[in-house]
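Novice: Submitted below is the structure of interest, expressed as structure tokens.
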Ligand code: NAD
């Protein structure tokens, strides 16, 4: 285990959208390093998200993986867009585990659509899940963290939170918004022992990019494109010649920002995007 990633013995880490993908990778990694885990996922599809979201079996599998490390896990089916649900989750974590030390606001959706035909339902889904959901998570944990004088909040933005993208008006707006929220809260909590940082991933190998809708967008010339067919097209969105990165590349930075040693890093955005950050300011 890389010592730079820290030990989280005795800590409590909350991760949203952890039924699969990056959220699951973060939850299991914290558990392997000694933390008790609190997770949620909506575990339901959305009418306007054109790929399947996680389900309750996925959430159970994350619980199984966490508990296999010997750590405890609170898992609930909850939508981050629901403020009451997020407050209730944090209240339960504080009652059962004593506190929340680390929060990773990870849940999100991708709904690409041209601005000329984007519906309000599409816009609202993206802003609710990707921006309001991050607000609800941060707002739910920050009071207790500030009171206890310790906290590590990590939000998940995107390379689309630092640039524009075709059909990405809603997604880009939500992810730029996450950065504004992160920097503002970081300043507000600077006197409280709580750090607040964002990560801006490039293409990460999860169901968000590996699905029929995205494959058809990437290779409209093919009837049934495969991962091999879309990989070079995804690579054009990066500077380095790789189509996608493993979720653990994001986990590694989450662990770093959550470590005690990162006490004096706050309000920053860490790109893990195969070189794309070189193109933005
Ligand atoms: P994913 O689709 O595998 O995982 C997202 C999880 O969030 C799913 O389990 C889903 O059910 C859950 N979720 C969605 N909306 C929710 C809500 N409102 N409340 C609770 N749970 C909800 O995708 P991922 O790649 O693991 O995505 C994690 C984060 O990383 C997202 O914020 C995403 O926008 C961001 N991101 C992903 C990529 C990528 O290429 N995969 C790139 C940049 C940023």
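The values are calculated or read from the model by the stated rules, or taken from the named source; none is laboratory data. What you see is a predicted model; the values in this text were computed from it and never measured. No Cβ is skipped: glycine too gets one built from the backbone with ideal geometry, and neighbour counts run over all protein chains shown.
Novice: Which of the following residues is more than 14 Å from the chain's Cα centre (by Cα) and either without any contact (Cβ under 8 Å) to a residue 12 or more places away in the chain or not in a helix (DSSP H, G or I) (or both): 186, 117?
Specialist: The unique qualifying residue is 117.
Yes/no per residue for (1) in contact (Cβ under 8 Å) with a residue 12 or more places away in the chain; (2) within 13 Å of the ligand (Cβ to nearest atom):
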residue: 26; (1), (2): yes, yes
residue: 29; (1), (2): yes, no
residue: 39; (1), (2): yes, yes
residue: 42; (1), (2): yes, yes
residue: 45; (1), (2): no, yes
residue: 50; (1), (2): yes, yes
residue: 57; (1), (2): no, yes
residue: 69; (1), (2): yes, no
residue: 73; (1), (2): yes, no
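Novice: On to the next question. Can you find even one residue in region 153-176 that is more than 13 Å from the ligand (Cβ to nearest atom), modelled with pLDDT of 95 or more, in contact with a strand residue (DSSP E or B) (Cβ under 7 Å, 6 or more places away or on another chain) and outside any helix (DSSP H, G or I)?
Specialist: Yes: one or more hits.
Novice: Of the conditions (1) out of contact with any strand residue (DSSP E or B) (no Cβ under 8 Å at 6 or more places or on another chain); (2) in a helix (DSSP H, G or I); (3) more than 16 Å from the ligand (Cβ to nearest atom); (4) farther than 25 Å from residue 47 by Cβ, residue 145 clears all except one; give me its number.
Specialist: (1)
Novice: Quickly run through region 26-70 and pick out the residues that are over 30 Å from residue 167 (Cβ atoms) and crowded, with 21+ Cβ neighbours inside 10 Å.
Specialist: Correct list: 27, 28, 29, 30, 31, 35, 36, 37, 38, 39, 62, 66.
Novice: Given 232, 220, 225, 241, which one is buried (at least 18 other Cβ atoms within 10 Å of the Cβ), away from the ligand (no atom under 13 Å from the Cβ) and without any contact (Cβ under 8 Å) to a residue 40 or more places away in the chain?
Specialist: On inspection, the qualifying residue turns out to be 225.
Novice: Mind listing whichever residues of region 86-114 are within 18 Å of the chain's Cα centre (by Cα) and part of a helix (DSSP H, G or I)?
Specialist: Scanning region 86-114 gives 86, 89, 90.
Novice: Further question: Output the residue which, of all residues in region 172-187 that are in contact with a helix residue (DSSP H, G or I) (Cβ under 6 Å, 6 or more places away or on another chain) and surrounded by 24 or more Cβ atoms within 10 Å (Cβ to Cβ), is nearest to residue 105 (Cα to Cα).
Specialist: The qualifying residue nearest to residue 105 (Cα to Cα) is 178.
Novice: Being under 21 Å from residue 26 (Cβ atoms) and crowded, with 18+ Cβ neighbours inside 10 Å is the filter here; which residues of region 207-217 pass it?
Specialist: 208, 209
Novice: Quick one: in region 75-85, which of the residues that are part of a loop (DSSP other than H, G, I, E, B) and either touching a strand residue (DSSP E or B) at 6+ places or on another chain (Cβ under 6 Å) or more than 22 Å from residue 127 (Cβ to Cβ) (or both) is nearest to the ligand (Cβ to nearest atom)?
Specialist: Among those residues, the one meeting the criterion is 80.
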